[in-house]
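Participant: Structure incoming, see below.
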Amino acid sequence: MRKTFKTLLLALPLVMAAMSASAADSAVGRWKTIDDKTGETKSIVEISKAANGTLTGKVLEVLKSDKGPNPVCSDCKGPNKGKPIKGMTILWNLSQDKGSTTEWSGGTILDPANGKTYKSKLELQPGGNKLDVSGCITIICRAQTWVRE
């Protein structure tokens, strides 16, 4: 019993290191969204893997908003119209690019500030602590770098 306990105790740091290394190689996690115009942290978004294997992102906290505390997506269309931004899914259907462990594309991102949706792609930067997020309409794109929380 004692030998088993010692073995488990010794193995724990290895397991923890493996788990943190795999997290650094994935966009899954909590991210601080950084405004591309002001450089300010605007919200915390959690990216997770959906049941179908794609990535999805949900706003956990709104830290700064021009619409005051507890903002709603007043410019959204459809089911998000007038809904609180906190708790809203703003990123969905991103698939990992073939042959890449750091790029995802083919998804959609919602900008709750203006209610518009864009084609989206993500690229995890070396080290795993920065995520380049872009949204495009035809050839016009907007990009932000999010920072892992």
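The values are calculated or read from the model by the stated rules, or taken from the named source; none is laboratory data. In this text, all values refer to a predicted model and were calculated from it rather than measured experimentally. Using ideal geometry, Cβ is built from the backbone for each residue, glycine included, and neighbour counts are taken over all protein chains shown.
Participant: Give me the pairs: first residue in segment 138-149 and on the phi < 0 side of the Ramachandran plot and modelled with pLDDT of 90 or more, second residue of a type in the set (Asp, Glu) and assigned to a strand (DSSP E or B), beta-carbon distance under 6 Å, and six or more apart or on different chains, which are they?
Facilitator: THR145/ASP132
Participant: Looking only at segment 100-109, decide whether some residue is surrounded by fewer than 17 Cβ atoms within 10 Å (Cβ to Cβ), in contact with a strand residue (DSSP E or B) (Cβ under 7 Å, 6 or more places away or on another chain) and farther than 15 Å from SER26 by Cα.
Facilitator: yes
Participant: State which residue is nearest to SER134 (Cα to Cα) when the search covers only segment 75-92 and only residues that are surrounded by 14 or more Cβ atoms within 10 Å (Cβ to Cβ) and among the basic types (Lys, Arg).
Facilitator: LYS86
Participant: Still on this structure: Wholly within segment 33-149, which strands (runs of 3 or more DSSP E) include no fewer than the required count, namely at least 3 residues that are touching a Gly at 6+ places or on another chain (Cβ under 8 Å)? Write out each step before concluding.
Facilitator: Values: elements: 41-49, 55-62, 89-96, 103-111, 116-124, 130-137, 140-148.
Result: 41-49, 55-62, 89-96, 116-124, 140-148.
Participant: Right, here's the next one. Collect the residues in segment 100-124 that are farther than 15 Å from ASP35 by Cβ, in contact with a Ser or Thr (Cβ under 8 Å, 6 or more places away or on another chain) and not polar (S, T, N, Q), keeping them in residue-number order.
Facilitator: Residues satisfying the conditions are TRP104, GLY106, GLY107, LEU110, GLY115, TYR118, LYS119, LYS121, LEU122, GLU123, LEU124.
Participant: Under 6 Å between Cβ atoms, which residue pairs at least 6 apart in sequence (or on different chains) link something in segment 96-120 that is under 15 Å from CYS141 (Cβ atoms) with a partner that is of a type in the set (A, V, I, L, M) and exposed (fewer than 15 other Cβ atoms within 10 Å of the Cβ)?
Facilitator: Correct list of pairs: TYR118/ILE137.
Participant: What about GLY127, is it touching a Ser or Thr at 6+ places or on another chain (Cβ under 7 Å) and either surrounded by 15 or more Cβ atoms within 10 Å (Cβ to Cβ) or touching a residue at least 40 places away in the same chain (Cβ under 8 Å) (or both)? Lay out the reasoning, then the answer.
Facilitator: Values: touching a Ser or Thr at 6+ places or on another chain (Cβ under 7 Å): no; either surrounded by 15 or more Cβ atoms within 10 Å (Cβ to Cβ) or touching a residue at least 40 places away in the same chain (Cβ under 8 Å) (or both): yes.
Spelling it out, it is not the case that GLY127 is touching a Ser or Thr at 6+ places or on another chain (Cβ under 7 Å) and either surrounded by 15 or more Cβ atoms within 10 Å (Cβ to Cβ) or touching a residue at least 40 places away in the same chain (Cβ under 8 Å) (or both).
Participant: Would you point out which residue out of VAL72, VAL45 is modelled with pLDDT of 95 or more, closer than 24 Å to CYS141 by Cβ and either β-branched (Val, Ile, Thr) or surrounded by 10 or more Cβ atoms within 10 Å (Cβ to Cβ) (or both)?
Facilitator: On the way: VAL72 fails: closer than 24 Å to CYS141 by Cβ.
Testing whether each residue is modelled with pLDDT of 95 or more, closer than 24 Å to CYS141 by Cβ and either β-branched (Val, Ile, Thr) or surrounded by 10 or more Cβ atoms within 10 Å (Cβ to Cβ) (or both) leaves just VAL45.
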